[in-house]
Amino acid sequence: MNNNQTVERLKQMRLGAMASLHYQHIKDNRIENVTADEYLALLTDHQWEERLNNKIERLIRQAGFREQASVADVEYNQQRNLDKNMFTRLATLDFIKRKENIIITGASGTGKSYLAQALGYQACLMEYKVLYANTAKLIGRLKLSKIDGTYLKELSKLIKTDILILDDFGLHAFDNQSRDCLGQDSKLITQNNT
């Protein structure tokens with residue numbers, strides 16, 4: 001089998017990153033000083049990293065964040081009154097393993113939504129499945145799904161998430177049906193204005 005056939009078979013097996021790297025190495029004649037084991041490891045690592053990056057990009061896209069937020073970009077200024085040590089501990093995401101909920105409170109305009117999204121973005125980077133939603137819109141969607149018969153499908157989406165981030169939580173009063181909808185998931189990050 002020649003190199004072109006190898007590249008084509010790798011592509012057919014959906015190993016595109018491996019195929020492109022192999023093709024580049026053959027074209028540039030960069031495989032002479034590498035053992036077979038080292039070369040296979042190099043190709044495998046490249047394919048693995050490509051798939052991991054694609055998975056993380058997909059998780060971020062599916063999370064539905066309003067903005068790209070980063071734990072590294074969080075500002076700890078005086079007006080925000082945010083404890084850097086505490087937030088850094090939250091960013092380890094140990095609360096997920098302990099199945100704990102997080103409630104972010106503070107005055108309007110202090111960046112609670114950004115903090116919640118930064119934690120969600122960090123969770124995506126650590127390969128957790130996240131859903132970011134405006135609380136009122138999510139409850140409205142769940143109520144409508146009960147009417148049109150897709151409630152179990154919508155509920156299934158929520159149950160499959162590792163973190164459900166509810167933005168603007170508590171801005172509107174909850175009726176019994178709304179409280180029922182929220183009682184379905186135990187892994188929440190919420191933010192509200194106090």
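Using just its DSSP H runs of length 4 or more, each adding -39500 (n - 2.57), the chain gives a mean residue ellipticity at 222 nm of -17000 deg cm²/dmol after division by all residues.
Bridging of Lys129 to lysines at a Cα separation below 19 Å is possible for Lys55, Lys97, Lys99, Lys153, Lys157, Lys160, Lys187, once same-chain residues fewer than 8 apart are set aside.
Can you match semi-axes √(5λ) of the Cα gyration tensor in Å to one of these, [x] 43, 23, 12; [y] 30, 19, 16; [z] 27, 21, 17, based on a calculation from the structure here? Here the calculated entry is [x]. In this structure the amide hydrogen of Ile103, modeled in the peptide plane, comes within under 5 Å of the amide hydrogens of Thr190, none closer than 5 places in sequence on its chain. The C-alpha atoms of the chain define a longest principal axis, and helix 112-125 lies at about 30 degrees to it. Result for the chain in a Gaussian network model with C-alpha springs under 10 Å: among Gly149, Gly64, Gly140, the largest mean-square fluctuation is at Gly149.
Between the alpha-carbon centres of the range 98-126 and the range 129-160 there is a gap of 20 Å.
Within the range 64-113, the proportion of C-alpha pairs whose separation exceeds 17 Å stands at 43%. Using a Gaussian network model of the chain in which every pair of alpha carbons under 10 angstrom is joined by a spring, one finds that among Tyr114, Tyr132, Tyr39 the greatest mean-square fluctuation is at Tyr39.
Accessible area per residue, 1.4 Å probe, Å², for the chain: what's the number? Could you put the intermediate results ahead of the total?
On the way: 12200 Å² over 194 residues.
I get 63 Å² per residue for this part.
Along the chain, counting only trypsin sites (Lys or Arg not before Pro) with a DSSP assignment other than H, G, I, E or B and at most 13 other Cβ atoms inside a 10 Å radius, the longest segment between sites is 100-159. Report, by chain and number, residues whose modeled amide H sits under 5 Å from the one on Asn134, excluding near sequence neighbours (fewer than 5 apart, same chain). The answer is Asp167.
The values are calculated or read from the model by the stated rules, or taken from the named source; none is laboratory data. Predicted model, so just to flag it, every value in this text is computed and none were measured. Note that we place each Cβ from the backbone using ideal geometry, even for glycine, and neighbour counts take in every protein chain shown. These accessible areas exclude ligands, DNA and RNA; they are computed on the full protein's heavy atoms, side chains included. Shrake-Rupley method; radii C 1.70, N 1.55, O 1.52, S 1.80 Å.
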